[in-house]
Amino acid sequence: MINITLNQLLAKIRQAEVSFNRKPGSVQLLAVSKTKSAQDIAVAYQAGQRHFGESYCQEAQKKQRELGAFDITWHFIGPIQSNKTKILATHFAWVHSVDSLKIAKRLSEQRPSRLPPLNICLQVNISGEQSKSGITLNELPQLCGQVAELPNITLRGVMAIPMPEEDFDLQRLPYKTLYQAVEKLKIPGLDTYSFGMSGDLIAAIAEGATIVRIGTALFGERK
Ligand SMILES: *Cc1c(COP(=O)(O)O)cnc(C)c1O
């Protein structure tokens with residue numbers, strides 16, 4: 001069943017790339033498996049999915065142990081507590097939700113030297129007061145500069161979780177603003193826009209998403 005859903009979802013992403021003049025294959029699907037079982041992940045894996053996103057450290061670690069034999073690229077997308085950075089630095093390839101220099105420094109210091117640099121995105125709060133996580137657009141240039149100097153992490157781009165909107169044009173607006181602000185910074189090597197969830201993935205693709213983070217549309221509703 002998930003096989004069909006995965007293929008339909010990938011087809012929808014490819015279709016949106018065509019509709020909005022995006023390069024074919026430029027949008028990657030991150031399957032958000034938080035609250036879902038290792039078995040659910042295994043089924044999506046068998047259908048070809050390799051990138052999975054988790055929001056809670058302990059829950060993720062349990063599944064990572066169960067799925068140790070699978071060639072999965074793990075992404076962390078949840079709020080980060082400083083006492084969890086060592087786990088993130090050790091067990092993930094990507095962290096999308098970095099929102100302070102302190103957290104970035106800890107991730108860099110704690111990244112094991114046997115592993116390639118940790119890929120990180122800075123989470124930007126583009127809907128103002130509505131969400132507690134993320135830096136402001138004003139803070140972005142300076143933090144990009146500081147984070148880019150850290151040795152064991154690679155700054156790949158930005159992540160955003162805008163306020164939910166029904167209207168397509170309203171969904172596009174915050175992504176457009178952030179995309180343009182990042183492009184203006186002209187930071188070499190910055191190639192990732194972690195934009196879009198089940199409810200707004202088309203709008204996100206229209207505005208430059210390179211990774212869409214999809215849970216519900218792939219695995220069904222969470223309890
Ligand atoms: C849960 C979550 C998602 C997936 O949301 P859906 O609406 O289920 O697709 C994406 N990004 C983040 C940061 C999340 O916490």
**Complete:** Given pairs K62/K84; K36/K84; K62/K223; K63/K176; K84/K176 and cut-off 26 Å on Cα-Cα distance, the over-length ones are K63/K176; K84/K176
**Request:** Would you mind getting the Kirkwood hydrodynamic radius of the range 45-136 from its Cα pairs, rounded to one decimal in Å?
**Result:** 13.9
**Message:** In Å², and per residue, what accessible area does the chain have when probed at 1.4 Å with the other protein chains present?
**Reply:** 51
**the range 10-30 versus the range 197-215: alpha-carbon centroid distance in Å** = 10
**Message:** Check which residues have an amide H placed less than 5 Å from L122's amide H, if you skip close sequence neighbours.
**Reply:** G157, V158, M159
**Prompt:** Based on Cα positions only, what radius of gyration and what Dmax would you give for the range 2-219, in angstroms?
**Reply:** 16.6, 46
**Item:** Reachable aspartates and glutamates, given that their alpha-carbon falls under 18 Å from the alpha-carbon of K23 and they are not under 8 places away in the same chain
**Value:** E183, D191, E207
**Prompt:** Across the range 110-115, in residue order, what do the Karplus-derived ³J(HN,Hα) couplings come to in whole Hz, using 6.51 cos²θ - 1.76 cosθ + 1.60 with θ = phi - 60° and x for Gly and Pro?
**Reply:** 9, 5, x, 5, 6, 9
**Complete:** In terms of the charge dipole of the chain, which places +1 on Lys and Arg and -1 on Asp and Glu at the beta carbon, the residue among Q28, T154, A89 farthest towards the positive end is A89
**Prompt:** Which percent of the accessible heavy-atom area of the chain goes to carbon and sulfur, probe 1.4 angstrom?
**Reply:** 50
**Contour excess over end-to-end distance, with Cα ends at T73 and T5 and 0.36 nm allotted per residue** = 22.4 nm
**Fill in**
With label points set 7 Å from each Cα along the Cα-to-Cβ direction at Q15 and L137, the distance between them in nm comes to 3.2
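The values are calculated or read from the model by the stated rules, or taken from the named source; none is laboratory data. It should be emphasised that the depicted structure is a prediction, and the values quoted were computed from it without experimental measurement. Ideal geometry is used to build each Cβ from the backbone, glycine not excepted, and the neighbour counts take in all protein chains shown. When the accessible area is computed, the model is the full protein with side chains, heavy atoms only, and any ligands, DNA or RNA have been set aside. Shrake-Rupley method; radii C 1.70, N 1.55, O 1.52, S 1.80 Å.
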